[in-house]
């Protein structure tokens, strides 16, 4: 059996060498990474391929931000989707692989915590209070508003949120509880946001969370809770403006694409795709339920891209409360 | 049977004239029959738990997805951000091509290995070791094959994240299934057929070629197709080796637009289970219906393959004469 396999492998290797020559001629832009950024990149890829009438092929995979960077730093992909900035370890991996990159924010991902419009006590909440409500330890124990904070009345607390499969769930648990997917399980879980809206709008003691775009469409039936990062911070109302400014934290974050600088330099199709992304990404991001960046940010990003400004503005550590424009003006670090 | 026994017992009982003994006997029989009935009921429930669950799931899937399955565009549209325009063109073509590679790679290798192990291999510790391993391999989780393939095919042999890699990975995965099935069906051939052929002066290869393989072909095909049916729904190894999620083009058609005969083997691809998984993880319910549609397509494909296997076996058995 092993002899046969070796023979097969050998003949196939020969075939690969033949094929890879022809393969290089084909124009394929390879993208991989975060599932959060995926819908935006997918929409852009779809439109781009339509605009190019199939002349340029784009593939988009989902292997998570971390998995995406692994492939990116080995040079297997041209563009990496990332729902957080590149981390130190990944910067090192890219440096070892000889990969230089351009960091470009493309949209905002934002969540809204909502309560019933008749709820007059929870106009604003701190992240710590949210954590007390949602952490795994709260399961079966925190069932009344007054257990969360003495300033809340004696009312049964009814929670609703997305199911464990959703990226929104990952993001909320990460931002609030501190660890992705770490949440209590005894709440109304539904992947259908309509169910959540229905639930919260029908019960005075209810609280739920979901993507901000969905709150904006149901403003008349829900009340958004203003979020305080900690006791000392001001309470911030979720809105396109506060998200744009980067002050609605930690429930909003910019999402990025990382472009291989060599590919951008040497391959016109990659260049074209990124420019198409920055021109149409905002509109398409809104269409798939994300908040777009301010127009100036896209212009700045375009400028940075055309100047091939290398590296990350974060220095390997995630950071909250910076506006996208500020980020784009910073020195890059590879 | 029980009745005659009862009659005999009754005769003995009445001849002895012990009425209470008869009563005891009857009670015993009633009790045993009750147990019999009880076990039948337990067995029936056990059977139904599986069947009913499956049927309910399938009906639920059909209710969600039947509209899409009936639309022609569903099969000839690429995936899209708009559910109304989204289809499974790239994923069903991907699945079909991956299955083709799997079949071409796994069937000859598996059958040859099984024939060797069953008919040629000397019985020694090495053969024993191989046999134990083949049987064990059938139980190895599929993700392990994915990891193996990532190292071997993608990085060492440099096949890339291609149809070829996926096909070979799944071929490796179903190889034990084919080997075991082939050996079983070779073993079920009566020894006297081999002996008769040898007695006529046939070589071992002639025996295999003219007698054993034709007779075993029904069982072999069943094994191959069951293996393929397992491979068609497999997601874990295909994700590991890097099947893509959004892909809006088909692999190059051989000899068209300057493509070579085998270029499609190295094309990026996606498959049905991955498309289904992706749509399921979307928040919009319209995408969940699309996912249900894909589910129906996969189940129907599996059923068709299994049905084909049964039909083939039947046909081959009927044609078989010595």
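Here are the numbers for this structure:
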read-out	value
Condition check for residue B:96: within 14 Å of chain A (Cβ to nearest Cβ) and either at pLDDT 90 or above or farther than 22 Å from residue B:282 by Cβ (or both)	no
Yes/no for residue B:171 being within 23 Å of residue B:94 (Cβ to Cβ), in contact with a helix residue (DSSP H, G or I) (Cβ under 8 Å, 6 or more places away or on another chain) and in a helix (DSSP H, G or I)	yes
Residues that are assigned to a loop (DSSP other than H, G, I, E, B), in contact (Cβ under 8 Å) with a residue 12 or more places away in the chain and more than 7 Å from chain A (Cβ to nearest Cβ), drawn from the stretch B:242-271	B:243, B:250, B:251, B:252, B:267, B:269, B:270, B:271
Residue ranges of helices (runs of 4 or more DSSP H) in the stretch A:156-258 with at least 2 members under 15 Å from residue A:113 (Cβ atoms) and in contact (Cβ under 8 Å) with a residue 40 or more places away in the chain	A:167-172, A:193-202, A:212-217
Within the stretch B:55-79, considering residues that are within 14 Å of chain A (Cβ to nearest Cβ) and under 13 Å from residue B:291 (Cα atoms), the one surrounded by the most Cβ atoms within 10 Å (Cβ to Cβ)	B:79
Residue in the stretch B:284-294 that is within 26 Å of the chain's Cα centre (by Cα), without any contact (Cβ under 8 Å) to a residue 60 or more places away in the chain and assigned to a helix (DSSP H, G or I) present	no
Residue match in the stretch A:123-135 (condition: assigned to a helix (DSSP H, G or I) and farther than 30 Å from residue A:316 by Cα)	yes
Selection count where residues are more than 11 Å from every other protein chain (Cβ to nearest Cβ) and either farther than 28 Å from residue A:44 by Cα or modelled with pLDDT of 90 or more (or both), scope the stretch B:80-93	6
Matching residues, the stretch A:285-307, being in a helix (DSSP H, G or I) and surrounded by fewer than 24 Cβ atoms within 10 Å (Cβ to Cβ)	A:286, A:287, A:295, A:296, A:298, A:299, A:300, A:302, A:303, A:304, A:305, A:306
Residue within the stretch B:105-112 that is farther than 16 Å from residue B:183 by Cβ and surrounded by 11 or more Cβ atoms within 10 Å (Cβ to Cβ) present	yes
Criterion (within 11 Å of chain A (Cβ to nearest Cβ), at pLDDT below 85, in a helix (DSSP H, G or I) and within 30 Å of residue A:164 (Cα to Cα)) met by exactly one of B:239, B:274	B:239
Of all residues making up the stretch A:249-286, the number that are over 15 Å from the mean Cα position of the chain (by Cα) and over 19 Å from residue A:77 (Cβ atoms)	3
Per-region count, the stretch B:153-163, residues buried (at least 18 other Cβ atoms within 10 Å of the Cβ) and assigned to a helix (DSSP H, G or I)	3
All positions within the stretch A:35-77 that are over 14 Å from residue A:256 (Cα atoms), away from chain B (no Cβ under 11 Å) and surrounded by 22 or more Cβ atoms within 10 Å (Cβ to Cβ)	A:73
Residue selected from the stretch B:58-80 under the condition over 25 Å from the mean Cα position of the chain (by Cα) and part of a helix (DSSP H, G or I), by the criterion farthest from residue B:92 (Cα to Cα)	B:63
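The values are calculated or read from the model by the stated rules, or taken from the named source; none is laboratory data. What you see is a predicted model; the values in this text were computed from it and never measured. Using ideal geometry, Cβ is built from the backbone for each residue, glycine included, and neighbour counts are taken over all protein chains shown.
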